[in-house]
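Structure first, commentary second.
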Amino acid sequence: MKETVVSGIRPTGKLHLGNYFGAVSNFVKMQHEYNCYFFIADLHSLTTHPTPQDLNGYVKHVLVEYLACGIDPEACTIYIQSDVPEVAELYLYLNMNAYLGELERSTSFKDKIRSHPDNVNAGLLTYPSLMAADILLHHATKVPVGKDQEQHLEMTRTFGNRFNRLYNKEYFPEAYAFSYSDKLVKVPGLDGKGKMGKSEGDGNCIYLADSPEIIRKKVSRAVTDGGPTAENQTKPEAIQNLFDLMSIVSSPDTLAHYNDLYNKMAIRYGDFKKQLAEDMIIANNPIRERIEDIANDTDYLRKVAHTGAEKARESAQKTIKEVRELIGFKPF
Ligand code: ADP
Ligand code: TRP
């Protein structure tokens, strides 16, 4: 039996290179090796109260972009989370055994309290139980995600194991973060600090839908410094980030060439950025072209979402039936 894989992305904007290299590029490879479920986490995105128009538009963006990246609805199951209401039922059961203390200790919850103190809702607090429900619903053991999601997976294991203990059955397996590279990837942004992320602002992100002109402009504005002041010095964060981006999109020879120039204090950031932008464009172009084609094919999108929902519900309904029995909801 093939192992089961589950992963999803919240539809809060267009996908960027961080989403691609951290998550979606792994989806594309895994679909041929495992029994995969890839979904659009639209229920999760309700924590930030999107307008119906924004929500609908971003769900479509992510669906189009999943397909443009090469996720194949024939090889795996692609679905929209809200099309599978069984997940909400499992979320409710898991919440009965999720404790306030552990939910409050989640780093992403603490970050959200800091960034949005005016909207600390129960959905945000119980975000990890909904994520656990997504994963446990299909009995997944592997979850392709970026580094920032590791703590959520640890909580998923805690909730699954707790359910198993409570109902005295090894029912849910343990799920672990997965990446084909030896470490989980963290794609840096262009603003000189931290990761590429939608909430970090448009200038920080290269979107899969960005045209070559936009990519050139964004990379040319990426934060640098006055240049190295000693041979072989440790690179400051902003510069290291650009080298890390180059290690993702360029060839090893190109990376070694610019590293060498940096170490010899002969680097010209203008040339370095031009090369980085061109290699990003090469990585991005085939995806961008497919985005444009697929976005116009509404019939195809409708069919993909419909078939995906049916396949996902089949697996979800089986789990919910078994869970109800384990809990003790039995017909008279
Ligand atoms: P964003 O930070 O843009 O809001 P999400 O938090 O919705 O992105 O993340 C969606 C998926 O993409 C997750 O699996 C996450 O780990 C991955 N991801 C997002 N940004 C990065 C990044 N900069 N590097 C690696 N993976 C990332
Ligand atoms: N929390 C994930 C993120 O922010 C999205 C997500 C929701 C997810 N449910 C999931 C990822 C289940 C993997 C598995 O990116």
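The values are calculated or read from the model by the stated rules, or taken from the named source; none is laboratory data. In this text, all values refer to a predicted model and were calculated from it rather than measured experimentally. All Cβ positions, even for glycine, are placed from backbone atoms using ideal geometry, and neighbour counts span all protein chains on display. Ligands, DNA and RNA are stripped out before the accessible areas are found, and what is left, the full protein with its side chains, is counted by its heavy atoms. Shrake-Rupley method; radii C 1.70, N 1.55, O 1.52, S 1.80 Å.
When you check I215 against the structure, is it among the β-branched types (V, I, T), open to solvent by 80 Å² or more (accessible area, probe 1.4 Å) and not assigned by TED's automatic domain parsing to the domain that holds E170, yes or no? For I215, the condition - among the β-branched types (V, I, T), open to solvent by 80 Å² or more (accessible area, probe 1.4 Å) and not assigned by TED's automatic domain parsing to the domain that holds E170 - is not met.
Yes/no matrix, rows are residues, columns are (1) within 18 Å of A88 (Cβ to Cβ); (2) among the aliphatic types (A, V, I, L, M):
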{"site": "T126", "(1), (2)": "yes, no"}
{"site": "V143", "(1), (2)": "no, yes"}
{"site": "D148", "(1), (2)": "no, no"}
{"site": "R165", "(1), (2)": "no, no"}
{"site": "A175", "(1), (2)": "no, yes"}
{"site": "S181", "(1), (2)": "no, no"}
{"site": "G194", "(1), (2)": "no, no"}
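Residues in the stretch 125-155 that are farther than 15 Å from A175 by Cα and within 12 Å of ligand 2 (Cβ to nearest atom) were compared, and the one that is surrounded by the most Cβ atoms within 10 Å (Cβ to Cβ) is Y127.
Assessment of the stretch 5-13 against the conditions (more than 9 Å from ligand 2 (Cβ to nearest atom), surrounded by 21 or more Cβ atoms within 10 Å (Cβ to Cβ), closer than 24 Å to M280 by Cβ and modelled with pLDDT of 95 or more) yields at least one matching residue. Suppose we keep only residues that are in contact (Cβ under 8 Å) with a residue 24 or more places away in the chain and open to solvent by 20 Å² or more (accessible area, probe 1.4 Å) within the stretch 113-124. Which one would you say is nearest to ligand 1 (Cβ to nearest atom)? Only one residue tops the list, namely S115. Screening the candidates A98, A132, A140 for the property of being in a loop (DSSP other than H, G, I, E, B) and within 16 Å of ligand 1 (Cβ to nearest atom) yields one hit, A140. The set of residues in the stretch 1-30 being more than 8 Å from ligand 1 (Cβ to nearest atom) and farther than 21 Å from K60 by Cβ consists of M1, K2, E3, T4, V5, V6, S25, N26, K29, M30.
When G227, G192 are screened for being in the same structural domain as F272 (by TED's automatic domain parsing) and either within 15 Å of ligand 1 (Cβ to nearest atom) or part of a loop (DSSP other than H, G, I, E, B) (or both), only G227 passes.
Taking the criterion of being modelled with pLDDT of 95 or more, over 12 Å from L63 (Cβ atoms), of a type in the set (K, R) and open to solvent by 100 Å² or more (accessible area, probe 1.4 Å), the residues of the stretch 298-332 that qualify are K318, K321.
Within the stretch 156-198, restricting attention to residues that are of a type in the set (F, W, Y) and closer than 25 Å to K110 by Cα, the residue that is most open to solvent (accessible area, probe 1.4 Å) is Y176. The combined condition, being among the aliphatic types (A, V, I, L, M) and assigned to a loop (DSSP other than H, G, I, E, B), is fulfilled by A75.
Of the residues F178, F172, the single one that is within 11 Å of ligand 2 (Cβ to nearest atom), aromatic (F, W, Y) and closer than 21 Å to V87 by Cβ is F178. The set of residues in the stretch 249-268 that are surrounded by 17 or more Cβ atoms within 10 Å (Cβ to Cβ) and part of a helix (DSSP H, G or I) comprises V249, T254, L255, Y258, Y262.
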